[in-house]
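One structure is given here, and the rest of the page talks about it.
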Amino acid sequence: EALLGRGTSAAAVAIGGNVATVATSSPGVAAVAAVPPGKGEGVRGLGDRSLWAGARVLLAASGALRCAGTEGSVSVGGAVVVEEQPDVSAVLSAYNQQGDPTLYEEYYSGLKHFIECSLDCHRAELSQLFYPLFVHMYLELVYNQHESEAKSFFERFHGDQECYYQDDLRVLSSLTKKEHMKGNETMLDFRTSKFVLRISRDSYQLLKRHLQEKQNNQIWNIVQEHLYIDIFDGMPRSKQQIDAMVGSLAGEAKREANKAKVFFGLLKEPEFDVPLDDEDEEGENEEGKPKKKKPKKDNVGSKSKKQDPNAPPQNRIPLPELKDSDKLDKVMNMKEAARRVRLGPECLPSICFYTFLNAYQGLTAVDITDDSSMIVGGFADSTVRVWSVTPKKLRSVKTAADLSLIDKESDDVLERIMDEKTASELKILYGHSGPVYGTSFSPDRNYLLSCSEDGTVRLWSLQTFTCLVGYKGHNYPVWDTQFSPYGYYFVSGGHDRVARLWATDHYQPLRIFAGHLADVTCTRFHPNSNYIATGSADRTIRLWDVLNGNCVRIFTGHKGPIHSLAFSPNGRFLATGATDGRVLLWDIGHGLMVGELKGHTDTIYALRFSRDGEILASGSMDNTVRLWDAVKAFEDLETDDFTTATGHINLPENSQDLLLGTYMTKSTPVVHLHFTRRNLLLAAGAYSSQ
């Protein structure tokens, strides 16, 4: 077959006079692209300087290898293929082999007629071709300067495209001249990443036969040049099954992309002895919570959990050692957990809403410490403001001159170094030179991260309320940042379409995660800190391995940019929210979509699971907080081998049964949600008067 050699040892494919050979040792699928003669240089060795120059690193096993040049051959066998960001002019020149411009409308409407008249079971699958073909045919006309034909082609067929492509089509309609195509990013993405379609073998054979009989070479060339058809054996998918999964900038994910093993289990908690309650001194109550009599419990910390079979090895990535203060905090945490409310459909959490009033500075980000003692707001006026939400005021360390007077041997030296005179419930941190889009407290509450439109991520000390470091790596706005659950590491994502992993003591990133085709809009650490999830404006979610920087999952299905991510506390599931107002649920181990929660009418900016994972809370621009039954959403999932192999997902239509409650604010979009250690839900947002 011209497009796919399945399990062959060498597939030599002749396309339009060029022969490209791909040797494949894996039983995977090798996709071969036709290449205009004389374009060498697609695949380079790993030792090359080009590795970080925007290079995409593809694992050969994942299938899609691009061969450039007539003699281009790729040796595979556990090797890594580095694919350069293609040069724009090289990419565009693929449009030179054009057909008769006046016939484009005829070609397209001929195919449209064929697909609409085909059997129902094939029609849904083949309809996926409409959008990518429409875009490429339009661009081909524009590139070859047939402006009037392009305009009429666009006007005649753009109304047929699915509604979720409206924004892309708006960008496309502004490209009317060859010159426009040179610098347009969206355009380049579309050109350089092959659009992935998942089609059953029967439907594919039908299409191939039709195009060959008609001698409709123009369309066949585009299919070969610009599309990647992932063929599976079995029943064609239904319209609902396809609709659930499509909508991203580059079509669906290849099935190969979600095959890698992911260690989604949790790391074992360290063991340490917990003092009995009689020894509880007031000094331990750092949190400023009133002291209550606690039930007697011996050695709470020593309940050794057995190693989770799906967990990564403890030392897979180096994690910071626990300090004494961390152990103390863990003890507090366990005591709080003992009083935790068991949530469920019968027992919903109380919700406490923090409304930012008169926030004319423009609230752009919020975070709350794990122990719910502090709340931070990032604002469009480039300030970061930290509030104490307990009666305890925020104190900073005294000046150096005052510190020298303190008796360092005294028992309460830690109290004495704090300056009571400047204690207040609000501290304002100045330093950024643009709106602050993301904030994150470190788990030990000593540090605070903020990221901004100015392209930097700043680390602030919560002891002195000053800036310690400015991390410069992104050259464009940074949309989100988050500390690892173990501290030390943090992740940032921005307009430059990559996410970066940092450690607080390195001024350069440790990992760069490249692969998204548009801005990285949100970032989240997996509870075991071995993986990072990123959501993007290309409408996909990717899961990255911190150890080696590989992309191990690509989830498609959202119809708009992703703005919120939340891992379930057991590490098995991921919930994502986007501008399309849907919350999608994913099984990380199997790499499958397992649920869709419909109800919100606007962008979902906040998602949080309750501490034991029974309830998922979502907060949206539609001024509501909704609570969903997470236990029911994830029970008896159909993740048999067939589903995993073909991606035939059957989403239950039970959003309404899963919705446990909807809570309206007066006029406050919800930008952050947080469950306290006792499962009280805290929500935050800025009141908007319009």
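Quick notes on this one:
- Amide H contacts under 5 Å for A365: G378, restricted to partners 5 or more places along the chain or on a different chain, H placed in the peptide plane at 1.01 Å from N.
- Taking the C-alpha atoms of the range 301-423, convex hull volume expressed per residue in Å³: 258 Å³
- Euclidean distance of C-alpha centroids, the range 339-362 and the range 103-144, integer Å: 49 Å
- Legend: residue pairs K194/K559; K261/K335; K182/K559, Cα-Cα distance threshold 24 Å; pairs beyond threshold, K261/K335; K182/K559.
- Amide H contacts of G494 (H built 1.01 Å from N, in plane; Pro and chain starts excluded): W479, V520 sit under 5 Å, all sequence-distant by 5 or more or on other chains.
- The loop-placed trypsin sites (Lys or Arg not before Pro) in the range 406-493, going by DSSP, that have at most 15 neighbouring Cβ atoms within 10 Å of their Cβ come out as K408.
- Hydrodynamic analysis of the range 100-252 uses the Kirkwood radius over alpha carbon pairs. Inserted into Stokes-Einstein at 4 °C and 1.567 mPa s, it gives a translational diffusion coefficient of 82 µm²/s.
- Other-chain or far-sequence residues with amide H under 5 Å of A311's (modelled H): G265
- Karplus-derived 3J(HN,Hα), 6.51/-1.76/1.60, for each residue of the range 539-555, Hz, glycine and proline x: 6, 10, 10, 10, 10, 10, 8, 5, 4, 10, x, 6, 8, 9, 8, 10, 10
- Heavy-atom surface of the range 100-252, accessible at 1.4 Å and reported per residue (Å²): 41 Å²
- From phi via Karplus (6.51, -1.76, 1.60), per-residue ³J(HN,Hα) for the range 462-473 in Hz, x at Gly/Pro: 8, 8, 10, 6, 10, 7, 8, 9, x, 8, 10, x
- Mean separation of Cα contacts under 8 Å (6+ apart) over length of the range 100-252, as relative contact order %: 31 percent
- Per-residue ³J(HN,Hα) for the range 239-256, Karplus 6.51 cos²θ - 1.76 cosθ + 1.60, θ = phi - 60°, Hz, x for Gly and Pro: 4, 4, 5, 6, 4, 5, 9, 8, x, 7, 5, 10, x, 8, 7, 5, 4, 4
- The slack in the chain from K393 to R170, taken as 0.36 nm per residue of separation less the alpha-carbon distance, amounts to 75.2 nm.
- Accessible area in square angstrom per residue, the range 411-464, 1.4 angstrom probe: 45 Å²
- Charge dipole magnitude, Cβ of K and R +1, D and E -1 - the range 100-252, Cα centre, debye nearest 20: 160 debye
- Heavy-atom accessible surface of the range 100-252: percent carbon and sulfur, 1.4 Å: 49 percent
- Taking all protein chains into account, the per residue accessible area for the range 532-583 stands at 19 Å² (1.4 Å probe).
- For the pair E116 and K323, a Förster radius of 56 Å applied to the C-beta separation gives a FRET efficiency near 0.25, rounded to the nearest 0.05.
The values are calculated or read from the model by the stated rules, or taken from the named source; none is laboratory data. From a predicted model like this one, the values you see are computed outputs, not experimental measurements. As a convention, Cβ positions derive from the backbone with ideal geometry for all residues, glycine included, and neighbour counts pool all protein chains shown. Note: accessible area is taken over every heavy atom of the protein model, side chains too, but ligands, DNA and RNA are not part of it. Shrake-Rupley method; radii C 1.70, N 1.55, O 1.52, S 1.80 Å.
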